Amino acid sequence: YQDRDYDILAITDHYLGFDTFESIGVTDYYLTPISSNEAEGVIAHINVYYTYIEFAIMAPTDIFDLTTEGGGICILNHPGKYDNVTMEQRIEWYRNYPCIVGMEIVNRNDRYEEDREIWDACLTALMPERNIFCVATDDTHDDDDIGWSYTMFIAPDRSEESIEYAFRNGHYYAVTNA
């Protein structure tokens, strides 16, 4: 990602919490790290930022409770992948858990085309009281996955504080090359 001129990076591995590049053995970098990990709900994958949740497969509501307790935020990943989650469940999660700030609407090369339809349906049900910000990700599992989709942050600089403020407040948008 650094070679492709990205400025910030969150590594949301299923089994590894990411806080700093040094924590994963990288010492030569200019990317701004976003503290993150991917929590696996029994019915959905959820990226968690700015707090760490020990890896365990658990109910999404438990993930949201732990995220709230830790002062973090989270994103619902590739919602079109999970047909065992109802629209009503998603809407209730957004109503009950302010820590869920967004939804992944493009995964890699648009693997789950329903993602944007689900995002739109949630927005329709929740607006104007509740916004749901959107992200796009490569969902990188190998080198061929890099460069498809990303989230563009709008911040005054690349400091961790500026990026966190932008993330918590929806100052970003989804971009895809798919």
Report task. Compute the accessible area per residue over the chain, keeping the other protein chains in place, probe 1.4 Å, unit Å². Result -> 51 Å²
Requested in this report: Name the residue, out of 86, 51, 68, whose mean-square fluctuation peaks in a Gaussian network model built on the chain with Cα pairs under 10 Å.
Outcome: 86
Query raised in the report: Full extension from residue 96 to residue 176: what is 0.36 nm times the residue separation minus their Cα-Cα distance, to one decimal in nm?
Result: 25.8 nm
Report summary line: Taking a crude spin-label model, label points 7 Å out from Cα along the C-beta direction, the residue 86 to residue 59 distance in nm is 1.5 nm
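Compactness ratio of the chain: Cα Rg over 2.2 N^0.38 Å, N = residue count? Walk me through the intermediate numbers first.
Details: Rg = 15.3 Å, N = 178, 2.2 N^0.38 = 15.8 Å.
My calculation over the Cα atoms of the chain gives 0.97.
What FRET efficiency comes out for the pair residue 120/residue 152, r = Cβ-Cβ distance, R0 = 22 Å, nearest 0.05?
Details: r = 20 Å, r/R0 = 0.91.
Between residue 120 and residue 152 the formula returns 0.65.
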Query raised in the report: If you line up the Cα atoms of the stretch 39-123 on their principal axes, what length do they span on each, largest first, in Å?
Result: 32, 25, 21
**Report entry** Given charges at beta-carbon only (K, R positive; D, E negative), |dipole| of the chain in Debye
**Finding:** 580 debye
Report summary line: Once residue 7 and residue 130 are pulled to full extension, the length gained, defined as 0.36 nm per residue separation minus their Cα-Cα distance, is 41.4 nm
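To check you understand DSSP bridge types, tell me what percent of the beta bridges within the chain (both residues inside) are antiparallel, rounded to 5. If you can, show how the numbers build up before the last one.
On the way: 15 of 27 bridges.
The antiparallel proportion sits near 55 percent.
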**Report entry** Candidates 143, 120, 157, ranked by Gaussian network fluctuation over the chain, Cα under 10 Å, top entry
**Finding:** 143
Query raised in the report: Length gain on complete extension for the stretch residue 43 to residue 168, per 0.36 nm per residue less the alpha carbon to alpha carbon distance?
Result: 42.5 nm
Query raised in the report: Counting only protein heavy atoms and using a 1.4 Å probe, what share of the accessible area of the chain belongs to carbon plus sulfur, as a whole percent?
Result: 49 percent
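The values are calculated or read from the model by the stated rules, or taken from the named source; none is laboratory data. Bear in mind the structure is a predicted one, so any value in this text is a computation, not a measurement. All Cβ positions, glycine included, derive from the backbone under ideal geometry; neighbour counts span all protein chains shown. Surface areas here come from the heavy atoms of the whole protein model, side chains and all, with no ligands, DNA or RNA. Shrake-Rupley method; radii C 1.70, N 1.55, O 1.52, S 1.80 Å.
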